[in-house]
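Structure, as structure tokens:
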Amino acid sequence: MEFTTEIKKATDPIYQKISRAVPDIEWPSFAPYIYEINKLKRQKNAIILAHNYQTPEIYHGISDFSADSLALAIEAAKTKADIIVMCGVHFMAETAKLMSPNKKVLLPDMRAGCSLSSSITGEDVRELKKKYPGVPVVSYVNTSADVKSETDVCCTSANAVKIVNSLGVRKVIFLPDDYLAKYVASQTDVEIISWKGTCEVHEQFNDEEINQIRKENPGIKVIAHPECPPDVIKASDFTGSTSGMIKYVKDNQPEKVMMVTECSMSDNVQVDNPNVEFIRPCNLCPHMKRITLPKILDCLKNETNEILLDDKTIKSARKSVIRMTEIGR
Ligand code: 13P
Ligand code: SF4
């Protein structure tokens, strides 16, 4: 696509905002897509929801709402748009469909999965329920609609502890993230029966890496996502969902910070916090990175890659997500 004078003029305010996160050599290849997508979404009354791990040209360039997975689910239920384009992974698009079953929900790349979601099936949950009769099931939203159908209440990393405590029971089955389960167990008296799922991005961090970075950067604040292993959580100053981490930086304005999570977070948050220095390393989520501007334009233009769920699944899976949103953050 051509980077015309008209497109340059129309997209220049966006570039001025994100110039620290996007090299100027890359802008002529992004701007025509940003221009077209923004035009098309107005014509079609579409909304673009983006997870915090999307790249800066998506997060700042075309999204109408960017957030953590809890806020994306809530926004999907509220929107008046006819079409929802989910810039995120499959379980996020499926959750949006559960929240807004009458809307057209599109996912720019159907292969955008999640190692947590693929670690467990509905059949696995049925087996667990047989093994622990009467014990309520709390599932992370990072699961398929089939798993949600077998679930009493969903949670995200933003409200996992609150959801578990809200049940008023002594024991829960908590799926599928073993590290998030360990984090929740450290924050509650409720006994947690966990599953063996892990996030392939967060499991790669370790405390040695953090201790080394602290040595090289005295005074640095280290903030971690609760999908990280327990040694990483212990070595961090703060633990929270992706939006919780963003709020921490905004409110505290640390001189230097390391966000122990997916790489795009630091790029995106840097744009809104120019006085904070972000120290990497970080890890890329290959699933989130499948979402690109050309794929977003293609699926919006042709209305392809629609999330379709049968009525029975919607009915059974929706309850657990609605119950979560009623409990809130
Ligand atoms: P959040 O709910 O914190 O946005 O996390 C979702 C996710 O997939 C993190 O890896
Ligand atoms: Fe799944 Fe981890 Fe990627 Fe989030 S970062 S989508 S939990 S694999």
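The values are calculated or read from the model by the stated rules, or taken from the named source; none is laboratory data. Just so we're clear, the structure is a prediction, and the values are computed from it rather than from any experiment. Methodologically, a virtual Cβ is constructed for each residue, glycine included, from the backbone with ideal geometry; neighbour enumeration extends over all protein chains shown. These area figures cover heavy atoms from the full protein model, side chains too; ligands, DNA and RNA do not enter into them. Shrake-Rupley method; radii C 1.70, N 1.55, O 1.52, S 1.80 Å.
Couple of notes before you dig in:
- Residue that is surrounded by the most Cβ atoms within 10 Å (Cβ to Cβ) [pool: residues in the stretch 276-287 that are more than 16 Å from ligand 1 (Cβ to nearest atom) and in a strand (DSSP E or B)]: Phe278
- A single member of Gly134, Gly88 is away from ligand 2 (no atom under 16 Å from the Cβ), small (Gly, Ala, Ser) and either at pLDDT 95 or above or out of contact with any Gly (no Cβ under 7 Å at 6 or more places or on another chain) (or both), and it is Gly134.
- Among residues of the stretch 305-329, those that are of a type outside the set (Asp, Glu) and either open to solvent by less than 30 Å² (accessible area, probe 1.4 Å) or touching a strand residue (DSSP E or B) at 6+ places or on another chain (Cβ under 7 Å) (or both), counted: 10
- Here Gly244 meets the list (1) in contact with a helix residue (DSSP H, G or I) (Cβ under 9 Å, 6 or more places away or on another chain); (2) touching a residue at least 24 places away in the same chain (Cβ under 8 Å); (3) within 16 Å of ligand 2 (Cβ to nearest atom) almost entirely, failing just condition (1).
- Of Ile84, Ile48, all but one fail to be within 23 Å of Asn159 (Cβ to Cβ) and touching a Lys or Arg at 6+ places or on another chain (Cβ under 7 Å); the exception is Ile84.
- Of the residues making up the stretch 288-304, those that are part of a loop (DSSP other than H, G, I, E, B) and either without any contact (Cβ under 8 Å) to a residue 24 or more places away in the chain or open to solvent by 40 Å² or more (accessible area, probe 1.4 Å) (or both) number 3.
- Among the residues of the stretch 90-97, not a single one is in contact (Cβ under 8 Å) with a residue 24 or more places away in the chain, open to solvent by 10 Å² or more (accessible area, probe 1.4 Å) and among the polar types (S, T, N, Q).
- When residues of the stretch 106-128 are limited to those that are more than 16 Å from ligand 2 (Cβ to nearest atom) and out of contact with any Asp or Glu (no Cβ under 7 Å at 6 or more places or on another chain), the one nearest to Glu262 (Cα to Cα): Asp124
- Any hit, the stretch 196-205, residues being more than 16 Å from ligand 2 (Cβ to nearest atom) and either touching an Asp or Glu at 6+ places or on another chain (Cβ under 8 Å) or not charged (D, E, K, R) (or both): no
- When each of Lys148, Lys256, Lys171, Lys234 is tested for being touching a residue at least 24 places away in the same chain (Cβ under 8 Å), over 30 Å from Phe278 (Cα atoms) and surrounded by fewer than 20 Cβ atoms within 10 Å (Cβ to Cβ), the lone residue that passes is Lys171.
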